[in-house]
Amino acid sequence: MPFFSAIAASISTFFAGITAASIGTFLLKTVASFGLSALAQKLAGKRGKSQDFSVRGQIGRGADIPQAFIVGEFATAGTLTFANTADEGGKPSVLMYWAITLSDLPLSSISGLWVNGEKRTFGPSGAADGWSQVNEFTAGGTEYLRMRFYDGTQTIADDELTGIASSAERPWLASAVGHGKAFVVMRAYLNSDMFQNGFPSFLFVVRGIAFYNPARDATVGGLGPQRWNTPSTWEPSQNPAVQLYNVLRGIRYNGEWFYGLQDVSAAQLPVDHWIGQIRKCATEVTGTDGPEPQFRASGELPVGAEIVGVIESLLDACNGRLSDAGGVYKLFAGAVDVPVMSLTDDEVMSTSGQSFTPFFGLSDTVNGISGKYPSPAAGWQTETAPPLYRPDYEAQDGGRRLLVDVSLDFVPYAEQVQRLMKSALNEARRARRHTLHLPPKYWPLEPGDVVTWTSARNGYVEKQFRVDGMIDLADGDVVVDLTEVDPADYDFNTATDFEAPAIPGSSVQPITVQDVGDFDVFASSIPDSTGVGRRPAIRAVWTGDIPDVRAVKFETRVEATGRDLPPSLIETVGAGEIYISDGVLPLTEYEVRAKFIPEAQQPTAWTGWKTVTTSDIRFGAADIDTSITDAIADAQAEIAEMAGIKALPTLPATGEKPDQIVMLPDGV
């Protein structure tokens, strides 16, 4: 029976029961579209909607959350495993603890942290307790937010979860070690100034699980210390070829299968070929920030995801295709490899049937592309890359704009997204496809191989074609399906082809801190009913009519000593002024500052200290009771009469000193 193989996962198994008579050229033409890269198939409408692997930005809750793990470097809010308040120093519920699972397989590290939608920085783990402070939440020597990371290799439970954070209602037992699970413990002091919108939300950027990389294994033709049977030698990798290799061989933990295929052996993944594709993905290209790998992939994989969906997403990340030739799997990433054979018109068997497809039907034609991807610059939200339009293609298609939108959930790299969009669009326009009978000389060809064809009949001069499918016939001849390719489809000039995406600022705009505008202080007095100043006072003024402000608070202190006076408060904010007199002395220098008390939970700030010297207003006669002054006057009259003095000077009503002092005789 003829043997059929093509560029499509398990496609040979699918057609295993078809007879030789029914295969023919029709089968090849039917399956030829599998030769397109995974991304180009999306553009040509050959594939349905892919699975959603976008960033999980909201923390998962509940027992029905599927297990998941991270590949590459990706963001996740994780799954809430535990939360509780705790007391400290006799103060109830001043601490909040969260235990958040990040991956159900061990991770390498946390490389980034976002709190309440804004990127934050954190210090290195303390040598003693393993806590890292979140720098933006540290003030006055107090670390209001801390983080402690467990990579999945821990052997004992977190001591604070089992201790201070544990309660009878919500216990964290010593047996809750989390073997094999990477998780983080967050600890926060509940402070309204630090966490103005209630409990904080978190997003963690983590370096994913370790993979076996045959290109780093010197025993199989690579360079390096990695070994398949020694997982401790493996390393995290953003290389999609490495990730795909491990998915096909099966991802395991402690020797037990966890995800991926289960029965694929090393022999089914030719190591020399895979090492070549791994190195091809790692080839550096020029980016806006310097050299970067040509292809990278990162994402979060729930174990419930269909394996074919994961394979397709990884192929999207490298514009790759996967061939299956008798259960032997090969990856072809990016641009085609060098041709392995050549042919001419003389070698095409004209006695057998041939077919030629010069162009796509309108339903399979595309001349523009837009792409969505998770953007670290936008806080890991899904962003849209600048659409790629081709006026020349539109002109060829009768002036129509035939746009396709694709999702690149595993490609959080803006420039790589645009490289993939351009190459996939170019590839999707390659419509020339031939189905030919060739002599036994071409029997060694395999799907994915590239040949050159010089054809006077078709006007080809060493034109390159990719083998997308083939049938080995009983007489030694082969039937091949060839699709035109051009390595130039992958040419990308950063300076001219890359368009910086219009991404809004990723930082959450903070609530404006309100301060007391136009604040100033002046020396004044408290007058009596006649308008005469009787007490020294400080007049404070500010801009009135402030919305959402309930009151204004003032603090006053003696400038020389720093002694505080009783604080003042006014709730008629619109008045714009207040007289502060409680404890105020005459001819003394004071400092005053003010702060708004808002209606809602909004940050406010003290003004700077304003200096003022009070007026020299002291006690006078008006401050003394009249019965006392009358008694003094009577006594003065008696003394004067006894001394033979007609009259004594009276005390001035203003309390000032008399103009003259009368000396009484001795003994009076």
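The values are calculated or read from the model by the stated rules, or taken from the named source; none is laboratory data. Note that this is a predicted model, so its numbers are computed, not measured. Counting neighbours? That spans all protein chains shown, and the Cβs are built from the backbone with ideal geometry, glycine included. Heads up: the accessible areas ignore ligands, DNA and RNA and are worked out on the full protein's heavy atoms, side chains in. Shrake-Rupley method; radii C 1.70, N 1.55, O 1.52, S 1.80 Å.
For Ile511, indicate whether it is at pLDDT below 90 and within 30 Å of Met194 (Cα to Cα). Considered against the rule, which asks whether it is at pLDDT below 90 and within 30 Å of Met194 (Cα to Cα), Ile511 comes out as yes.
Among the residues making up region 200-226, those that are open to solvent by 20 Å² or more (accessible area, probe 1.4 Å), in contact (Cβ under 8 Å) with a residue 12 or more places away in the chain and not hydrophobic (A, V, I, L, M, F, W, C) are Ser201, Arg207, Asn213, Arg216, Gly221. Listed here are the strands (runs of 3 or more DSSP E) enclosed by region 440-506 that have at least 1 residues being farther than 30 Å from Gly379 by Cβ and charged (D, E, K, R): 460-472, 478-484. The listed residues are Ala182, Ala215, Ala282, and the only one of them that is within 19 Å of Leu107 (Cβ to Cβ) and of a type in the set (A, V, I, L, M) turns out to be Ala182.
Filtering region 375-406 down to residues that are assigned to a helix (DSSP H, G or I) and of a type in the set (A, V, I, L, M, F, W, C), which residue is farthest from Arg56 (Cα to Cα)? Checking each candidate, the answer is Ala395. Any residue in region 76-95 that is among the aliphatic types (A, V, I, L, M), under 19 Å from Leu301 (Cβ atoms), modelled with pLDDT under 95 and surrounded by 17 or more Cβ atoms within 10 Å (Cβ to Cβ)? Checking region 76-95: at least one residue is among the aliphatic types (A, V, I, L, M), under 19 Å from Leu301 (Cβ atoms), modelled with pLDDT under 95 and surrounded by 17 or more Cβ atoms within 10 Å (Cβ to Cβ). Against the numbered list (1) at pLDDT 70 or above; (2) charged (D, E, K, R); (3) farther than 21 Å from Lys553 by Cβ, Lys646 comes up short only at (1). Where strands (runs of 3 or more DSSP E) fall entirely within region 110-192, those with at least 2 residues that are among the small types (Gly, Ala, Ser) are at 182-189. Within region 376-387, identify whether any single residue is acidic (Asp, Glu), surrounded by fewer than 19 Cβ atoms within 10 Å (Cβ to Cβ) and more than 30 Å from Leu473 (Cβ to Cβ), and answer yes or no. Within region 376-387 (the criterion being acidic (Asp, Glu), surrounded by fewer than 19 Cβ atoms within 10 Å (Cβ to Cβ) and more than 30 Å from Leu473 (Cβ to Cβ)), the answer is no, since none of the residues qualifies.
Total residues in region 259-300 satisfying the condition of being more than 15 Å from Ala333 (Cβ to Cβ) and in contact with a Ser or Thr (Cβ under 9 Å, 6 or more places away or on another chain): the figure is 6.
Looking across Val573, Val592, one residue alone is surrounded by 14 or more Cβ atoms within 10 Å (Cβ to Cβ) and without any contact (Cβ under 8 Å) to a residue 40 or more places away in the chain. It is Val573. For region 422-436, check the following and say yes or no: at least one residue is part of a helix (DSSP H, G or I), open to solvent by 20 Å² or more (accessible area, probe 1.4 Å) and closer than 19 Å to Asp497 by Cβ. Checked region 422-436: at least one residue is part of a helix (DSSP H, G or I), open to solvent by 20 Å² or more (accessible area, probe 1.4 Å) and closer than 19 Å to Asp497 by Cβ. Inspect all residues belonging to region 124-136 and state whether any of them is open to solvent by 30 Å² or more (accessible area, probe 1.4 Å), at pLDDT 95 or above and out of contact with any Pro (no Cβ under 7 Å at 6 or more places or on another chain). No - not one qualifying residue is present in region 124-136. Only a single criterion out of (1) loosely packed, with under 15 Cβ neighbours inside 10 Å; (2) under 18 Å from Ser524 (Cα atoms); (3) in contact (Cβ under 8 Å) with a residue 40 or more places away in the chain is not satisfied by Ala605, namely (2). Applying the selection to region 221-260, what residues are farther than 20 Å from Ala305 by Cα and out of contact with any strand residue (DSSP E or B) (no Cβ under 9 Å at 6 or more places or on another chain)? Residues satisfying the conditions are Gly221, Gly222, Asn229, Thr230, Asn254, Gly255.
Residue-wise test of (1) surrounded by fewer than 16 Cβ atoms within 10 Å (Cβ to Cβ); (2) out of contact with any Ser or Thr (no Cβ under 8 Å at 6 or more places or on another chain).
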site	(1), (2)
Thr153	yes, yes
Asp158	no, yes
Leu161	no, yes
Ser167	yes, yes
Trp172	no, no
Phe183	no, no
Tyr189	no, no
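Counting the residues of region 378-393 that are of a type in the set (Asp, Glu) and over 26 Å from the mean Cα position of the chain (by Cα) gives 1.
Inside region 308-326, residues that are surrounded by fewer than 17 Cβ atoms within 10 Å (Cβ to Cβ) and either in contact with a strand residue (DSSP E or B) (Cβ under 8 Å, 6 or more places away or on another chain) or closer than 25 Å to Lys441 by Cβ (or both) make up a count of 1. The set of residues in region 454-475 that are open to solvent by less than 20 Å² (accessible area, probe 1.4 Å), of a type outside the set (A, V, I, L, M, F, W, C) and in contact (Cβ under 8 Å) with a residue 12 or more places away in the chain comprises Ser455, Arg466, Asp468, Gly469.
The residue list Asp397, Asp405, Asp449, Asp409 contains one member that is at pLDDT below 90, closer than 30 Å to Asn239 by Cα and within 43 Å of the chain's Cα centre (by Cα), which is Asp405. Could you tell me which residue of region 514-563 is surrounded by the most Cβ atoms within 10 Å (Cβ to Cβ), considering only residues that are assigned to a loop (DSSP other than H, G, I, E, B) and without any contact (Cβ under 8 Å) to a residue 12 or more places away in the chain? Checked region 514-563; the qualifying residue surrounded by the most Cβ atoms within 10 Å (Cβ to Cβ) is Arg563.
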